[in-house]
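The values are calculated or read from the model by the stated rules, or taken from the named source; none is laboratory data. Computed from a predicted model, the values in this text were never measured in an experiment. Positions of Cβ are backbone-derived with ideal geometry, glycine not excepted, and every protein chain shown enters the neighbour counts. Remember, those area values only see protein heavy atoms, side chains included, never the ligands or the DNA or RNA. Shrake-Rupley method; radii C 1.70, N 1.55, O 1.52, S 1.80 Å.
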Amino acid sequence: MIVLGIESSCDETGAALISDTKGLLADALHTQIDMHRAYGGVVPEIASRAHVESVDPVVDEALKKAGMTL
C-alpha cells in the first residue's frame, strides 16, 4: 500500500508518499517564510491563500520525485 500524506502548518505545505514496504518514497515542501517576513509574522489570510495555491504543486512534486501518478 502507498499512502499520500498532505500536511499544512501555519506557514508550510507538505506532501509525502509512504510505502508500507519501502518507507518514505518522496516528499516535497513549500514554505511561506519569505512571504510573511515583511509583516513580522504569519498573516492568516495570506497563509490560507498560499496553502490553496501550493498544495497541488507540492503534491505533483512529491509524485514526480517518486516516479508515480495518481
- Query: Helix 44-66 sits at what angle to the longest principal axis of the chain, using alpha carbons and giving 0 to 90 degrees rounded to 10?
  - Reply: 20
- Query: On average, how much accessible surface per residue is there in the chain, in Å², for a 1.4 Å probe, leaving out ligands, DNA and RNA?
  - Reply: 68
- Message: Considering only protein heavy atoms and a probe of 1.4 Å, how much of the accessible area of the chain is carbon and sulfur, as a whole percent?
- Response: 58
- In debye, nearest 20, what is the charge dipole magnitude of the chain about its Cα centre with +1 on Lys and Arg Cβ and -1 on Asp and Glu Cβ, if you could check? 160
- Message: From the helices alone, meaning DSSP H stretches of at least four residues, give me the mean residue ellipticity at 222 nm for the chain, per-run term -39500 (n - 2.57), in deg cm²/dmol to the nearest 500.
- Response: -13000 deg cm²/dmol
- Query: Which Cα, out of G41, S54, V3, lies furthest along the positive dipole direction of the chain (beta carbon charges, K/R +1, D/E -1)?
  - Reply: V3
- Query: Relative contact order (percent) for the chain, with alpha-carbon contacts under 8 angstrom and 6 or more residues of separation?
  - Reply: 32
- Fully extended, how many nm does the chain gain between D56 and L4 (0.36 nm per residue separation, minus their Cα-Cα distance)? 17.5 nm
- Item | Diffusion coefficient, µm² s⁻¹, Stokes-Einstein with Kirkwood Rh over alpha-carbon pairs of the chain at 20 °C and 1.002 mPa s | 168
- Message: Sorting check: for 56-63, 4-11, 40-47, which peptide has the highest mean count of neighbouring beta carbons within 10 Å, and how do the rest follow?
- Response: 56-63, 4-11, 40-47
